[in-house]
1. Given the criterion closer than 28 Å to ASN126 by Cβ, at pLDDT below 95 and of a type in the set (D, E, K, R), identify the matching residue among GLU22, GLU51.
2. Every residue in the range 72-96 that is over 14 Å from ILE3 (Cβ atoms), away from the ligand (no atom under 16 Å from the Cβ) and part of a loop (DSSP other than H, G, I, E, B), please.
3. Please state which of the following conditions ASN132 fails to meet, knowing it meets all the rest: (1) over 15 Å from the mean Cα position of the chain (by Cα); (2) within 23 Å of ASN176 (Cα to Cα).
4. Does VAL68 qualify as being in contact (Cβ under 8 Å) with a residue 24 or more places away in the chain, within 8 Å of the ligand (Cβ to nearest atom), under 17 Å from the mean Cα position of the chain (by Cα) and not in a loop (DSSP other than H, G, I, E, B)?
5. Where the second residue is surrounded by 14 or more Cβ atoms within 10 Å (Cβ to Cβ) and not in a helix (DSSP H, G or I) and the first is free of Cβ contacts under 8 Å to residues at least 60 places away in the same chain and basic (Lys, Arg) and lies in the range 99-116, which pairs have Cβ atoms under 8 Å and are six or more apart or on separate chains?
6. Give the residue that is farthest from LEU58 (Cα to Cα), with candidates limited to residues of the range 157-178 that are open to solvent by less than 80 Å² (accessible area, probe 1.4 Å), within 14 Å of the ligand (Cβ to nearest atom) and not charged (D, E, K, R).
7. Would you mind finding the one in LYS40, LYS55 that is touching a residue at least 60 places away in the same chain (Cβ under 8 Å), open to solvent by 20 Å² or more (accessible area, probe 1.4 Å), more than 21 Å from VAL215 (Cβ to Cβ) and within 10 Å of the ligand (Cβ to nearest atom)?
8. If you check LYS154, LYS201, LYS136, which single one turns out to be open to solvent by 70 Å² or more (accessible area, probe 1.4 Å) and out of contact with any helix residue (DSSP H, G or I) (no Cβ under 7 Å at 6 or more places or on another chain)?
Amino acid sequence: MVIVMLGAPGTGKGTVASLLEEKVGIKQVSTGDIFRKNIKEQTELGKIAEEYISKGNLVPDDITIGIVKNRLEEDDVQSGIILDGFPRTVKQAEELDKILDEKGKKVDMVLNLTTPEEEIIERIVNRRVCSNQECKAVFNVTINPSKVEGICDKCGSELVQRKDDNVETVKTRIHNYMEQTNPLVKYYESKGILRTELVSKTTNHLGEDVANEVVADIKK
Ligand code: AMP
């Protein structure tokens with residue numbers, strides 16, 4: 001099964017994807033995490049990606065598509081994958097369809113998360129992520145704080161703020177999302193595989209609720 005997580009930054013794609021991984025047993029693959037790992041290790045890819053990510057811009061399609069193409073060859077994703085943060089442009093979506101088609105596969109479900117913009121900004125500037133790349137737990141200093149400040153509940157590592165989680169960069173990321181990624185809503189809607197979910201504290205419908213509902217439907 002191939003699931004694509006769609007949604008502006010801060011809507012909870014990573015949270016929902018990791019809950020789905022846990023509950024359904026399909027591997028979550030985040031292109032953002034792959035880039036951050038490469039930036040930390042200062043690989044050639046990391047140095048290039050950092051130029052774009054630090055400004056809130058998308059990494060060019062040819063680089064990103066190449067990474068996902070290679071990742072899709074690995075054994076742990078042959079029975080299924082949750083793509084978290086890919087595709088983010090129509091070109092990436094078209095290439096993904098081609099790559100999957102060659103393998104006799106297709107995108108089965110696209111989960112499109114939406115959240116009001118003021119809530120997104122508040123969520124992102126208060127977001128803290130586990131520095132342990134294997135853990136990837138996400139907290140929020142206001143709505144979902146860790147038990148001990150600055151320490152991950154799950155693995156005990158230090159919690160950090162992503163460099164691109166600041167107000168200025170977030171505004172650029174939201175702008176780029178509307179221009180480059182939002183057209184994917186129509187792209188997947190026309191294929192009849194889009195499922196849109198509002199994730200908001202105003203409706204008391206958060207990532208965990210979305211994950212539980214999706215899991216229940218998958219297991220039906
Ligand atoms: P994320 O962790 O998904 O918020 O991604 C962090 C950053 O990595 C984004 O703001 C982009 O700069 C870059 N990135 C992640 N996925 C993609 C993608 N599919 N295409 C281009 N850039 C990406």
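1. GLU22
2. Answer for the range 72-96, where residues must be over 14 Å from ILE3 (Cβ atoms), away from the ligand (no atom under 16 Å from the Cβ) and part of a loop (DSSP other than H, G, I, E, B): GLU73, GLU74, GLN78.
3. Condition (2) is where ASN132 drops out.
4. Values: in contact (Cβ under 8 Å) with a residue 24 or more places away in the chain: yes; within 8 Å of the ligand (Cβ to nearest atom): yes; under 17 Å from the mean Cα position of the chain (by Cα): yes; not in a loop (DSSP other than H, G, I, E, B): yes.
For VAL68, the condition - in contact (Cβ under 8 Å) with a residue 24 or more places away in the chain, within 8 Å of the ligand (Cβ to nearest atom), under 17 Å from the mean Cα position of the chain (by Cα) and not in a loop (DSSP other than H, G, I, E, B) - is met.
5. Within 8 Å, the pairs are LYS103/LEU72.
6. So the first thing to find is which residues in the range 157-178 are open to solvent by less than 80 Å² (accessible area, probe 1.4 Å), and the list is 157, 159-160, 162, 164-167, 169-170, 172-174, 176-177.
Restricting the remaining residues to those that are within 14 Å of the ligand (Cβ to nearest atom) gives 160, 162, 164-166, 169-170, 172-174, 176-177.
If we keep only those that are not charged (D, E, K, R) as well, we get 160, 166, 169-170, 172, 174, 176-177.
Numbers: VAL160: 22, ASN166: 16, THR169: 12, VAL170: 12, THR172: 10, ILE174: 11, ASN176: 8, TYR177: 9 Å.
Residue satisfying both the conditions and the ranking: VAL160.
7. Numbers: LYS40 fails: within 10 Å of the ligand (Cβ to nearest atom).
On inspection, the qualifying residue turns out to be LYS55.
8. Details: LYS201 fails: out of contact with any helix residue (DSSP H, G or I) (no Cβ under 7 Å at 6 or more places or on another chain); LYS136 fails: out of contact with any helix residue (DSSP H, G or I) (no Cβ under 7 Å at 6 or more places or on another chain).
Unique residue meeting the criteria: LYS154.
The values are calculated or read from the model by the stated rules, or taken from the named source; none is laboratory data. None of these values were measured; they are calculated from a predicted model. So basically every Cβ, Gly included, is an ideal-geometry build from the backbone, and we count neighbours across all protein chains shown. For accessibility, only protein heavy atoms count, side chains too; no ligands or nucleic acids. Shrake-Rupley method; radii C 1.70, N 1.55, O 1.52, S 1.80 Å.
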